[in-house]
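A.B. asks: Following this message is one structure expressed as structure tokens.
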Amino acid sequence: MGFLRIRTTVDERPGRLASLAAALAEKGGNILGMSVQSDTDGTVDEFVAEIPAGPEVVREALEAAGGRRVKVVAATAHQLTDEPTRALLLASRLRAMPWRLPELLGELLRADDSRWVYGSDMSDLPDPTLLTVPVAPRRAIRVRRADLPFTLTEAARAASFVRLAQPPPHQPAGTERAVRLSDGAETQVRPLTPLYREAVRDLHDRCSPEARRFRYFTSMPMLPPRVFDRLCDRTRGHSLVAGHDGQVVALANLMFTPDPGIAEMAFLVEDRWQGRGLGAALARMIVGEARDLGFAEVKATLLSDNVRMRRLMVSLGATMSYTEDPGVVEARLAVGVMATASPS
């Protein structure tokens, strides 16, 4: 005997399920698990059965019993796990490791492949074996399962599962977090909003040309309004400001990139606040936001002579690599393995 996973669409008529069960019993089948799902043109009954008959024989028997679009594929013993229990275990793993969302969603749907897609690639495709699950305005997960088309019920399950990886309903714009630095000074960290336009302009005025060059690769004397507006746009990234005594003393940016599952981060810290642990604290917050948004990795592009930032990224657990430009290095950090950074 072998295990088979059997799926068939049926019309909603009294006795239809009994007919299918009788057809399986006639072929020596023992039904070990069953679920009922909704789809566009009827109800989908799914069975996991131990049965001596081959897939083709089972398919013909169910079609004769009134089944439509019958699919029969090999199953394994682990698919006999109680489905609600399996879903709860996966949900528990997801809450602990939200950056593994694509992998765990693939497990939930028993998919062949599950990966990030971005931007224009998020559009739905007319292929029932592909399911695109939105995660954020510009990111989604594309799930593929060659043997069994996805049902509306599975799409709803996937959407609910993805919501578990989302941060709680958005913090109000005024929400702040206090950060105490290595020397005892305290700053307040808040989400960047247009309210801070003048304060961020003043921050750039106070920063040295070197600090601005390390952030923008040029000693940009001021932040253009269009760039500031883009940093405030939460569909394109998340940014934080650190304030002290009525001034913004640091700016941290998490920017969405065209690479699925990867975000980019950058920092500008006023010179007199450098070396006091503020950069490390902001980096941990930014990486935490990336993780909560479902990103698997963050990267930072650095000038090779930016020793302080390179040291910070290494302390977080990032790997460093050279780029085609000998004056530029790239740091990449898997959000699930961030080390505890010492103040820098």
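A.B. asks: Once the other residues with Cβ under 9 Å from the Cβ of residue 333 are scored (Lys, Arg +1; Asp, Glu -1), what is the net sum? Don't skip to the answer; put the middle values down first.
C.D. replies: Working: positive: 299, 332; negative: 297.
In short, +1.
A.B. asks: For region 103-153, run through the chymotrypsin sites (Phe, Trp or Tyr not before Pro) and keep only the ones in DSSP coil with at most 13 other Cβ atoms within 10 Å of their Cβ. Present the calculation step by step, with values, prior to reporting the outcome.
C.D. replies: On the way: sites: 116, 118, 150; in loops: 150.
Taking region 103-153 and a limit of 13 other Cβ atoms within 10 Å, no loop chymotrypsin sites (Phe, Trp or Tyr not before Pro) are found.
A.B. asks: Could you point to the residue in 298, 277, 35 farthest towards the positive end of the chain's charge dipole, with +1 and -1 charges on the Cβ of Lys/Arg and Asp/Glu respectively?
C.D. replies: 277
A.B. asks: Within region 217-259, report the chymotrypsin sites (Phe, Trp or Tyr not before Pro) that DSSP leaves as loop and that have at most 15 other Cβ atoms within 10 Å.
C.D. replies: Details: sites: 217, 228, 256; in loops: 217.
Passing sites in region 217-259 are 217.
A.B. asks: So, one more: What is the local net charge at residue 85, summed over the other residues whose Cβ is closer than 14 Å to its Cβ (Lys, Arg +1; Asp, Glu -1)?
C.D. replies: -1
A.B. asks: I've got another one for you. Name the residue farthest towards the positive end of the dipole of region 81-198 from the options 150, 98, 119, assuming +1 on Cβ of Lys and Arg, -1 on Cβ of Asp and Glu, about the Cα centre.
C.D. replies: Of 150, 98, 119, it is 98.
A.B. asks: Right, another one. Give, rounded to the nearest 20 debye, the magnitude of the charge dipole that the chain has about its Cα centre when Lys and Arg contribute +1 at Cβ and Asp and Glu contribute -1 at Cβ. It would help to have the intermediate numbers written out before the result.
C.D. replies: Numbers: 44 positive and 43 negative charges, 157 e Å.
Value, rounded to 20: 760 debye.
A.B. asks: Shifting gears a bit: With Cβ to Cβ distances under 14 Å as the rule, what net charge do the other residues near residue 246 carry (K, R +1; D, E -1)? Mind showing how you got there, number by number?
C.D. replies: Numbers: positive: 190, 206; negative: 176, 186, 198, 202, 245, 270.
Net of charged neighbours comes to -4.
A.B. asks: While we're here: Over the chain, with the other protein chains present, what is the accessible area per residue in square angstrom, probe 1.4 angstrom? Walk me through the numbers on the way to the answer.
C.D. replies: Values: 16450 Å² over 344 residues.
Result: 48 Å² per residue.
A.B. asks: Counting only protein heavy atoms, what percent of the accessible surface of the chain is carbon or sulfur at a 1.4 Å probe?
C.D. replies: Numbers: 8900 of 16450 Å².
Ligands and nucleic acids excluded, carbon and sulfur give 54 percent.
A.B. asks: Using a/c under 1.5 as the rounded threshold, could you call region 185-344 rounded, prolate or oblate? The axes a ≥ b ≥ c are square roots of the C-alpha gyration tensor eigenvalues, and prolate needs a/b larger than b/c, oblate otherwise. Mind showing how you got there, number by number?
C.D. replies: Numbers: a/c = 1.34, a/b = 1.24, b/c = 1.08.
Rounded is the answer for region 185-344, as its axis ratio a/c remains below 1.5.
A.B. asks: Please report the spacing between the Cα centers of region 178-209 and region 61-126 in Å, no decimals.
C.D. replies: 45 Å
A.B. asks: While we're on this one: Counting alpha carbon pairs within less than 8 Å and at least 6 residues apart, what relative contact order, in whole percent, applies to the chain?
C.D. replies: Values: 633 pairs, mean separation 40.5, N = 344.
Once normalised by length, the contact order is 12 percent.
A.B. asks: Just to be sure I understand: with springs between alpha-carbon atoms less than 10 Å apart, which residue in 72, 117, 162 has the highest mean-square fluctuation in the Gaussian network model of the chain?
C.D. replies: With Cα springs under 10 Å in the chain, the top fluctuation among 72, 117, 162 is at 72.
A.B. asks: To continue, here is another question. Take the alpha carbon atoms of region 134-266, find their radius of gyration, then divide it by 2.2 N^0.38 Å using N residues; give the quotient. Mind dumping the intermediate values first?
C.D. replies: Numbers: Rg = 19.3 Å, N = 133, 2.2 N^0.38 = 14.1 Å.
That ratio works out to 1.37.
A.B. asks: OK, next. What is region 60-144 by shape, rounded, prolate or oblate, if you read a ≥ b ≥ c off the alpha carbon gyration tensor as root eigenvalues and call it rounded for a/c under 1.5, prolate for a/b larger than b/c, and oblate otherwise? All intermediate terms of the calculation are to be shown ahead of the outcome.
C.D. replies: Working: a/c = 3.04, a/b = 1.34, b/c = 2.28.
The shape class here is oblate.
A.B. asks: Have a look at the chain and give its Rg and Dmax from the Cα atoms, expressed in angstrom.
C.D. replies: Cα only, the chain: 26.4, 83 Å (Rg, Dmax).
A.B. asks: Could you tell me which GluC sites (Glu not before Pro) in region 1-107 are loop residues by DSSP with no more than 14 other beta carbons within 10 angstrom of their beta carbon?
C.D. replies: The qualifying sites are 12.
A.B. asks: A further question follows. Let me spell out the model: positive unit charges on the Cβ of Lys and Arg, negative unit charges on the Cβ of Asp and Glu, origin at the Cα centre of region 180-267. What dipole size does that give, in debye rounded to 20?
C.D. replies: Its charge dipole is roughly 220 debye.
A.B. asks: A further question follows. To the nearest 20 Debye, how big is the dipole of region 19-137 about its Cα centre, given +1 on the beta carbon of each Lys and Arg and -1 on that of each Asp and Glu?
C.D. replies: On the way: 11 positive and 18 negative charges, 76 e Å.
Here the size comes out at about 360 debye.
The values are calculated or read from the model by the stated rules, or taken from the named source; none is laboratory data. Everything numeric here is computed off the predicted structure, so don't read it as measured data. Methodologically, a virtual Cβ is constructed for each residue, glycine included, from the backbone with ideal geometry; neighbour enumeration extends over all protein chains shown. The area values use the complete protein model at the heavy-atom level, side chains included, leaving out ligands, DNA and RNA. Shrake-Rupley method; radii C 1.70, N 1.55, O 1.52, S 1.80 Å.
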